[in-house]
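Here's the structure we're looking at; comments come further down.
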Amino acid sequence: MGIKVAKFGGSSVADAIQIRKLRDIVKSDDAIKYVIVSAPGKRYADDSKVTDLLYLCKTHIEHRIPYEQIFQVIYDRFMAVEADLGVDVDIKAELRKIKKNIEDGASVDYIASRGEYLNAKIIAAYLGFDFVDAQSIIKFSDKGKFLEDTTNELIAKVLRKHETAVIPGFYGEKLEDGTIKTFSRGGSDITGALVARATGADVYENWTDVSGFLMADPRIVKDPKPIEKISYMELRELSYMGASVLHEEAIFPAKAEGIPINIRNTNRPKDPGTMITADPDISEDQIISGIAGRKHFTVIGIYKNHLANEKGFIRKLAGIIEDNDLTIEHLPTGIDTMSVVIDSKLLGNKLEEIIEEIKIQLKPDSIDVASDMTLIATVGAGMSARMGTSARLFTALADAGVNIRMIDQGSSEMNIIVGVEEKDFETAIKAIYGAFVE
Ligand code: ASP
């Protein structure tokens, strides 16, 4: 029988009710051998995530503001779950130890990681699985760089000795001094993918509170269709452009071994969710897989006669951006024009300096800046080599009265990115969805 690795996100382990659902899922499938858990997330819309509360404790301490009340909320949540599930892992002693470490000046990563740690302890006992601390299998260098190969070997070696185990997500330790280091927020998805890879799992199930990815943001498009099957590459494009459900870094370990990722809903376990593989067999009539968009980009437009014939122009421009520690999102070009698209949040207050440098190094005839650009990616393996796709997309936008400021199509023909003004963002997404899906 094959192995499945199942990761449960914050809302799937938010309280005893959710953890009972987790147990039903795990116990109904003998193939699930390794379970990765997040810290308790939100139980209702305006609830707090335990990880956020833990970070808040640290901020309070740093500002010398009493943190005990916040810690008490965390304490009460874990004590209630332990009691409600009827397990005894001496959470009280664990919490006391954590509080002591916090008072002794524990690092922010240590504090933030304790939600996963405590949850995994409780859930392991409740399932009758072994508890394997992520600290013993996920390793980082002393500079905090994730050590992929070491980790991969360690996970395989350690888990070989455990038939079934629960592992806390989100963190590991620095190899040199054994201190805790976390991934970025939402990082339990990465832990799950790493365990799936190292154990050669047949499937990596990622249990959350939605029945998979949707073809568009439901806040913009009413009842968008779920995505049943999608490739790793398509999903990367959509995640990068704002479709959130899975941490974007979680795709790589699974992709490396061709392990399918199945996004599932803990609250609706019968729903098939989204299956992410290398090469999904999609039906002939499925042209696009999804639409995602991101706001807040700045476009610096550079105009100069004969720009296209000037050697080194792109190199110099890229150098200016690099010197400012920024990356270029897109670089649309014309004969006498070139625009550089940059994430406005990263750009911060560097714009003036960059423009000055462009003037000095590139001597343009003129420069203009648009700071209200949004980018919308229409993604689908079905678009490749299919004539008329872009015509359909652009007609839909024109019919909706949306002016396209920029166009970029990847060479794989798997995505078309358009830049539109912020006021047109929602209209454009609805129009594209209408043209391809409805
Ligand atoms: N608990 C962490 C967070 O809230 C990591 C995770 O849930 O994946 O970001």
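Here, each number is a calculation from the coordinates, and none is a lab measurement. Quick caveat: nothing in here was measured; it's all calculated off a predicted structure. With ideal geometry, Cβ positions are generated from the backbone for all residues, glycine too; neighbour counts draw on all protein chains shown.
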GNM top mover of D47, D217, D130 - the chain, alpha-carbon springs below 10 Å: D47
Full-stretch length increase - R23, S412 - with 0.36 nm per residue and alpha-carbon distance subtracted: 135.8 nm
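Hey, what did segment 120-175 get for relative contact order, percent, Cα under 8 Å, at least 6 apart?
Contact order relative to length: 51 percent.
If you take the beta carbon distance between D281 and A45 as r and set R0 to 51 Å, what does 1/(1 + (r/R0)^6) give as a FRET efficiency, to the nearest 0.05? Walk me through the numbers before you get to the answer.
Values: r = 38 Å, r/R0 = 0.75.
Efficiency for this residue pair is about 0.85.
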Over segment 9-137: Rg over Rh, Cα atoms, Kirkwood Rh: 0.97
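Just check segment 68-203 against the gyration tensor rule for me: Cα atoms, a ≥ b ≥ c as the square roots of the eigenvalues, rounded for a/c under 1.5, and otherwise prolate or oblate depending on whether a/b exceeds b/c. Intermediate values should be presented prior to the final figure.
On the way: a/c = 2.22, a/b = 1.27, b/c = 1.75.
Cα axes put segment 68-203 in the oblate bin.
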Segments 189-195, 27-33, 111-117 sorted - mean Cβ within 10 Å per residue, highest first: 189-195, 111-117, 27-33
Geometric extent, Cα atoms of segment 164-210 - Rg, Dmax (angstrom): 12.2, 39
Viscosity 0.692 mPa s, temperature 37 °C, Stokes-Einstein D of the chain from Kirkwood C-alpha radius, µm²/s: 137 µm²/s
Span from the segment 381-434 Cα centroid across to the segment 145-180 one, whole angstrom: 43 Å
Computed E for D84/I355 - FRET, C-beta separation, R0 51 angstrom, nearest 0.05: 0.30
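Would you mind ranking V87, V5, V245 by Cβ crowding within 10 Å, fewest neighbours first?
On the way: V87 18, V5 31, V245 21.
Arranged by neighbour count, lowest to highest, V87, V5, V245 become V87, V245, V5.
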Distance between modelled label sites at K316 and D336, nm, 7 Å Cα→Cβ extension: 1.8 nm
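For the pairs K345/K430; K174/K350; K139/K161; K4/K97; K42/K222; K58/K181, flag any whose C-alpha to C-alpha distance is greater than 22 Å.
On the way: K345/K430 25 Å; K174/K350 34 Å; K139/K161 19 Å; K4/K97 34 Å; K42/K222 24 Å; K58/K181 15 Å.
Pairs exceeding 22 Å: K345/K430; K174/K350; K4/K97; K42/K222.
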Loop sites in segment 185-230: trypsin sites (Lys or Arg not before Pro), DSSP, at most 15 other Cβ within 10 Å: R185, R219, K222
Fluctuation leader among A396, A120, A292 - the chain, Gaussian network, Cα springs under 10 angstrom: A396
Vicinal HN-Hα couplings computed from phi for segment 101-118 (Karplus, 6.51 cos²θ - 1.76 cosθ + 1.60; Hz; Gly/Pro x): 4, 4, 5, 7, x, 4, 6, 4, 5, 4, 4, 4, 7, 5, x, 5, 4, 5
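For an R0 of 25 angstrom, estimate the FRET efficiency from the Cβ-Cβ distance between A16 and K100 and round to the nearest 0.05. Before the final figure, lay out each step's value.
Details: r = 27 Å, r/R0 = 1.07.
Plugging the Cβ-Cβ distance into 1/(1 + (r/R0)^6) gives 0.40.
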Mean Cα-pair separation over length for the chain, i.e. relative contact order, pairs under 8 Å, 6 or more apart, %: 13 percent
Relative intensity, log₁₀ I(q)/I(0), of segment 106-161 from a Debye sum that treats every alpha carbon as a point, q = 0.14, 0.20, 0.21 Å⁻¹: -0.47, -0.87, -0.93
R268-S244 pseudo-label distance in nm [points 7 Å out on the Cα-to-Cβ vector]: 2.1 nm
Cα-Cα separations in segment 319-438 greater than 22 Å, expressed as whole percent: 43 percent
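Report the extension gain between T179 and I367 in nm, rounded to one decimal, defined as 0.36 nm multiplied by the number of residues separating them, less their alpha carbon distance.
On the way: separation 188, 0.36 × 188 = 67.68 nm, distance 4.92 nm.
That works out to 62.8 nm of additional length.
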Under the Karplus curve 6.51 cos²θ - 1.76 cosθ + 1.60, θ = phi - 60°, whole-Hz ³J(HN,Hα) for segment 395-408, x wherever Gly or Pro sits: 5, 4, 5, 5, 4, 8, x, 9, 8, 8, 8, 7, 9, 8
Candidates S366, S107, S38: whichever shows maximal mean-square fluctuation once the chain is modelled as a Gaussian network with Cα springs under 10 Å: S366
All lysines inside 16 Å of K229 as judged from Cα atoms, apart from same-chain residues fewer than 8 positions distant: K255
